[in-house]
Amino acid sequence: MMRSTKIMAAVLLLMATFSACKKDKNEEPELAKPTIDHIEVGLNNNELGVIDKDFHFNAEVLAATKIENVQIKIMPRAGETYSKAWKHEITWDQYKDAKNATVHKHFNIPADAAEGKYDFLIVVNDQNGTKLEVKKAITIYLAANVPVNPNAGIFNIFSNDARYFRNGQFTVAGTKLKKGDVIKSQVTITDVKGDGKMYILMINKKHNHRPEAIDKIDFSKAIVYDVLEHKGWDKSDSFSNSTVDPVTFLPIRIFPAFTIGATVDNNTPTANPISGAKAWESGTYYFGVIYKNTTYNIGYFQYIEVPVEIN
């Protein structure tokens, strides 16, 4: 009987030891993974790319420990057919050792890409050995096949009725816009239809605010030079803030005048006071256009830098 008792005690001890080991193993904490937020795949987050054209990507990344790198991978999607085998991968190492980062990138969709629908993978590798992978979608077009392809066909600025900026160049580099100068800007966005809206802005560079989409504009910092929209266009055409009647050649809309140092801007239907954070100061200003085609959720933006002198 004593021998049986000892054997039973040994078995129970072995079982308890095994159970404790298993419990310890199961309770071993998993390593934390990085997180990601505010993802934008394509301008206006439209998940659309055009071959050999600029592509916008943005994400807010927070590491569990520290970032090792951030990657994007454009991969063929199961069930889709393509004209040829193609995939693309980019690794950004400049965020290494950071705890968090805003990954704001522009890169061209490679010229050898094939049209089609792809998986867009975002990978954040953490230095603790973990990684986060988020899958989004992207549709890649040839430029000839994209529904609308907005670009600035005309982007001119006149100061006191003299050319200031035209065809991508300043008339005299470094010339300042001074208080009291009257400026006018002609902007024409090509190859659009449906509905769309355009803002032309001035923003003091010190604000580090250079919005790429209309819904990103902070109007407490942005001075509106002009704003207008088009609606219900059946056919592709050019959208301009200066138009004439094609038959009579009489003006329908003329680009507005705006005085450097004005107390209110040209926003419509209600002008905004130029005060507070956006009060006039001497310095460098962004002068730019932001357009969004709301029918196809495709956008365009362009900025130049102009020196301004306020006495």
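Derivation of every value follows stated rules applied to the coordinates shown; laboratory data play no part. Not measured: the values here are computed from a predicted model. Virtual Cβ from ideal backbone geometry, glycine too; neighbours counted across all protein chains shown.
Could you work out the local net charge near Val306, counting Lys and Arg as +1, Asp and Glu as -1, over the other residues with Cβ closer than 10 Å to its Cβ? Once all neighbours under 10 Å are counted, the net charge is +1. Could you please state, rounded to a whole Å, how far the C-alpha centre of segment 277-308 is from the C-alpha centre of segment 238-272? Measuring centre to centre over Cα atoms gives 16 Å. Taking segment 180-228 as the region of interest, the number of lysine pairs whose Cα atoms are within less than 20 Å, with members eight or more places apart or on different chains, is 7.
The list [x] -0.71, -0.99; [y] -0.82, -1.04; [z] -0.95, -1.14 gives values of log10 I(q)/I(0) by the Debye sum over Cα atoms at q = 0.12, 0.14 Å⁻¹, and only one came from this structure; which label was calculated from it? Label [z] holds the value from this structure. Placing +1 on each Lys and Arg Cβ and -1 on each Asp and Glu Cβ, with no other charges, gives segment 199-311 a dipole about its Cα centre of roughly 200 debye. Bridging of Lys278 to aspartates and glutamates at a Cα separation below 13 Å is possible for Asp218, Asp265, once same-chain residues fewer than 8 apart are set aside. For the chain, the dipole from Cβ point charges (+1 on Lys and Arg, -1 on Asp and Glu) about the Cα centre works out to 680 debye, to the nearest 20. Candidates Tyr95, Ala173, Ile154 compared by Cα position along the dipole of the chain: farthest toward the positive end lies Tyr95, with charges placed on Cβ. With R₀ fixed at 35 Å, the C-beta to C-beta distance from Asn100 to Val264 puts the FRET efficiency at about 0.35. Say the dipole of the chain comes from +1 at the beta carbon of Lys and Arg and -1 at that of Asp and Glu; which of Asn311, Thr268, Ile122 then lies farthest toward its positive end? The residue sitting most towards the positive pole is Ile122. Relative to the longest principal axis of the Cα atoms of the chain, helix 2-26 runs at roughly 10 degrees. Our helix-only sum for the chain, with -39,500 (n - 2.57) per DSSP H run of n ≥ 4 divided by its residues, gives a mean residue ellipticity at 222 nm of -3000 deg cm²/dmol. Residues whose amide H falls under 5 Å from that of Trp280, counting only those 5 or more places apart or on a different chain, are absent, with hydrogens built in the peptide plane. Arranged from fewest to most other beta-carbon atoms within 10 Å of their beta carbon, Ser240, Ser275 become Ser275, Ser240. Across segment 25-137, how many lysine pairs, 8 or more positions apart or on different chains, have C-alpha atoms separated by under 12 Å? Please give the number. Taking segment 25-137 as the scope, the lysine pair count is 10. Here the calculated FRET efficiency for Thr175 and Asn311, from their Cβ-Cβ distance with R0 = 22 Å, stands at 0.85, rounded to the nearest 0.05.
Contact order, relative form, for the chain: 15 percent (alpha carbon pairs under 8 Å, 6 or more residues apart, mean separation divided by residue count).
With a cut-off of 10 Å between beta carbons, the residues surrounding Asp112 carry a summed charge of 0, where Lys and Arg count +1 and Asp and Glu -1.
In this Cβ point-charge picture (+1 for Lys and Arg, -1 for Asp and Glu), segment 35-145 has a dipole of about 160 debye about its Cα centre. Considering only His56, Ile252, Ala279, and ranking their Cα positions along the charge dipole of the chain that arises from unit charges at the beta-carbon of Lys, Arg, Asp and Glu, the one farthest toward the positive end is His56.
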